[in-house]
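One structure is given below, encoded as structure tokens.
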Amino acid sequence: MHFWLSPGEGVGVSEYQHLMARHCAAAIRHWLSAGREGRAVLVEPGGRRGIQASDITVLVRNRNEAALIRDTLSALSIPAVYLSNRDSVYETPEARELLWLLQAILIPGQDSALRCALATSLMGLDAQAIEDINNNGAAWDALVDEFAGYRQLWRQRGVLPMLRQLMIRHRMAENLLASANGERRLTDLMHLAELLQEASAQLENEHGLVRWLAMQIELPDTQAESQQLRLESDRHLVRILTVHKSKGLEFPIVFLPFIADFRQQKRPLFHDRRDFQAWLDLSSSSQSLQLAEEERLAEDLRLLYVAVTRSVYHCGIGIAPLFRGGRSKSGNSDAHLGALGYLIQQGTACDAAGLQNHLQRLATRDIAVTVVGQPDAQPWRPQDDDVRRLAAREYLPRHADSWRVTSYSGLQQHGGGSPLMDLQPRLDGDAAGERQPDAGLALSPHTFPRGAAPGTFLHGLFETLDFNRPPDPAWLDAQLLQNGIEKSWRPVLARWLADVLHAPLNDDGIRLSLLAPEKRRVELEFYLPINALVTAAGLDALCKRYDPLSAACPPLSFPQVKGMLKGFIDLVFCYEGRYYLLDYKSNWLGENNAAYTPQAMLGAMAEHRYDLQYQLYTLALHRYLRHRLPSYDYRRHFGGVFYLFLRGICADNPGDGVLFRRPEAAFVEALDALFGGSTPTPEQPEASK
């Protein structure tokens, strides 16, 4: 046990606290240095180790004392953390600043609210930066738009994603960590963001959430567990703890810098000495005040006992000839009225010399007494060896893993797959970038807007269209409006859809308008296992061997793949016991129907390698039917593949815009064997179909 005695004839409470805070910080710096140099060690089952910051605990009575010692330690660059179960996160400055930020986001057009938000420390702006924004109209408008964007994000995704975006944009985490008590402040900010997200689930709108936060700040509930301050870090830190919270715990090294302080009882509240009932003397008689003071001293003695018995190896105690009030700092002090002075001075009043004599009589081999002076302010600097060396992780090349999920788009693209095409398999990439029709041309399927967006729009119509009845005009108007297409296209689109639905697809009389809903599946999704390592050259050779259209196509080029093939088939339908695939194409091939000849359509198929698309989709449906139909036979049950070039379909020219393909059975079986990992049996290709 080491007593630190303040010099002089007497000190006030503030002087005592600041002196002992500085000396306590200097003592901790000394212990840390001794631990680093091996002069202060702990002997544990695993061996000897130097004293670390986490072995040291400072016990205080309240948050004011905790703030003083933490600030003093911070001035010496000693990391510390205050552990309390009575502080609410809504009482922190971050809660008030977050409220101002939310108010500005809620009404970004209100200049006063936005300026209030800019002035918060969370935004990290100084006065000059704020003034520059105020005097720059473009910068101010950009800021208003930015905060309006945060409000939109708040409505769409919630308050927590919005706050994270705000923090990233203005580097709040970095700025807070670079400030004093940065870890504490950042922890409080993230804690508040989580509480706001949780509360938003119970509130109607953003205005209600802002009102709720303002109410929590005004009336925090210190007993609510969710509001209690969280530990900002789990690194090696000096712990600052209240005496109340330390009860039942023990720590290697404990410091009690402010334990000699006390606060006299001003209220005549006491317990009867016979029946132990509580009494409040409204007359404030001297006897009642004396009884209340005795109980205060008894409680202080109990807390002192708890405090001095927490340490295992060492306890540092700050003591002084303390004078409370504004009287002269000479003569007998008030130290004996506190628990520590009461024990040392045996309940009698004495001056500074008398206190020192009492302490010297206590001094033994295990109890030291030191009259402290003004310690230096040299900051704590750990050795370079204590600082973790950072370096870029060395990259060790790994064996390439070819397993992945791919798609037709990923296999037909040169140089690998396109993530956009994988995500939206219905997108007509071939139409992207084509020139738009000249203004003033007659509205027709040939002058309908081209590109990826109109192509996706047309596909979407056939996903939801009722094949068995004319399209509803109101529904068509809504679809045009949602996709930004002028309403004047509605009559053309209605005739166009009717032509497609009633167009004969082959000589057997297949028409989309004749297909009952239970006989068709729209946008059939599939995952096709690729159990073998498939290469572009191997797949391309197989396709060109069996399919004359593939033979006229450019070669495939994709990284070798193994895994899953994902796809969406526009339409699968059953007609008279046979199953068909159908794919819609919105490609623009020319200005009139004469441009959609079979040769022109085959040229477009070859250019974009649509041959691979219908081959893969045929394999997917082949495997599906093989598992679903008991007596499935490809030759008997698979009808073929239709490609509808939508712009070329016209009621006046039946058959235009329709292309039919049917891969031969041997090809499908060879493709199935290639993807399944077995060697396909060579067969002579059948005649071209």
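The values are calculated or read from the model by the stated rules, or taken from the named source; none is laboratory data. If you're wondering where the values come from, they're calculated on a predicted model, not measured in any experiment. Using ideal geometry, Cβ is built from the backbone for each residue, glycine included, and neighbour counts are taken over all protein chains shown. SASA here: full protein model, heavy atoms, side chains in, ligands and nucleic acids out. Shrake-Rupley method; radii C 1.70, N 1.55, O 1.52, S 1.80 Å.
Tell me whether region 191-210 contains one or more residues that are within 30 Å of Ala66 (Cα to Cα), open to solvent by 60 Å² or more (accessible area, probe 1.4 Å) and outside any helix (DSSP H, G or I).
no
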Counting only residues that are open to solvent by 30 Å² or more (accessible area, probe 1.4 Å) and touching a Pro at 6+ places or on another chain (Cβ under 6 Å), which one in region 308-329 is nearest to Pro7 (Cα to Cα)? Tyr313
Being more than 16 Å from Asn205 (Cα to Cα) and modelled with pLDDT of 90 or more narrows it down to one residue among Gln110, Gln165; which is it? Gln165
Looking only at region 474-493, count every residue that is open to solvent by less than 30 Å² (accessible area, probe 1.4 Å) and not in a loop (DSSP other than H, G, I, E, B) and tell me the total. 5
Quick check: anything in region 607-625 within 19 Å of Leu458 (Cβ to Cβ), touching a Ser or Thr at 6+ places or on another chain (Cβ under 8 Å) and charged (D, E, K, R)? no
Would region 37-57 turn up any residue that is in a helix (DSSP H, G or I) and out of contact with any strand residue (DSSP E or B) (no Cβ under 8 Å at 6 or more places or on another chain)? no
Output for region 569-602, where each listed residue is open to solvent by 40 Å² or more (accessible area, probe 1.4 Å) and in a helix (DSSP H, G or I): Ala594, Pro598, Gln599, Leu602
Looking at Gly484, is it at pLDDT below 95 and either more than 16 Å from Phe467 (Cβ to Cβ) or among the β-branched types (Val, Ile, Thr) (or both)? yes
Name the residue that is farthest from Gly509 (Cα to Cα), counting only residues in region 543-557 that are among the hydrophobic types (A, V, I, L, M, F, W, C) and open to solvent by less than 20 Å² (accessible area, probe 1.4 Å). Leu556
Going residue by residue through region 86-95, is there one that turns out to be in contact (Cβ under 8 Å) with a residue 24 or more places away in the chain, within 16 Å of Pro382 (Cβ to Cβ) and among the aliphatic types (A, V, I, L, M)? no
For region 70-80, state whether one or more residues are touching a Phe, Trp or Tyr at 6+ places or on another chain (Cβ under 6 Å), surrounded by 19 or more Cβ atoms within 10 Å (Cβ to Cβ) and outside any loop (DSSP other than H, G, I, E, B). yes
Would you kindly identify the helices (runs of 4 or more DSSP H) lying entirely within region 340-428 that contain at least 3 residues that are open to solvent by 50 Å² or more (accessible area, probe 1.4 Å) and modelled with pLDDT under 85? 419-423
Filter pass, Asp540 being touching a strand residue (DSSP E or B) at 6+ places or on another chain (Cβ under 9 Å), among the acidic types (Asp, Glu), surrounded by 19 or more Cβ atoms within 10 Å (Cβ to Cβ) and in contact (Cβ under 8 Å) with a residue 12 or more places away in the chain: no
Determine if region 525-534 includes at least one residue that is modelled with pLDDT of 90 or more, in a loop (DSSP other than H, G, I, E, B) and loosely packed, with under 15 Cβ neighbours inside 10 Å. no
Return the residues of region 619-657 that are part of a helix (DSSP H, G or I), over 30 Å from Val492 (Cβ atoms) and touching a helix residue (DSSP H, G or I) at 6+ places or on another chain (Cβ under 8 Å); say none if nothing qualifies. Leu619, His622, Arg623, Leu625, Tyr634, Arg635, His637
Would you please list the contacts, defined by Cβ atoms under 6 Å and residues six or more apart or on different chains, that run from a residue in region 641-657 that is open to solvent by 40 Å² or more (accessible area, probe 1.4 Å) to a residue that is part of a helix (DSSP H, G or I)? Ala651/Asp499; Asn653/Asn593; Asp656/Asn593; Asp656/Gly648
Name the single residue, out of those in region 168-180 being exposed (fewer than 15 other Cβ atoms within 10 Å of the Cβ) and outside any helix (DSSP H, G or I), that is modelled with the highest pLDDT. Arg171
All but one of (1) at negative phi; (2) touching a helix residue (DSSP H, G or I) at 6+ places or on another chain (Cβ under 6 Å); (3) surrounded by fewer than 20 Cβ atoms within 10 Å (Cβ to Cβ) hold for Leu114; which doesn't? (3)
What is the residue count in region 513-524 for residues that are open to solvent by 70 Å² or more (accessible area, probe 1.4 Å), assigned to a helix (DSSP H, G or I) and in contact with a Phe, Trp or Tyr (Cβ under 9 Å, 6 or more places away or on another chain)? 3
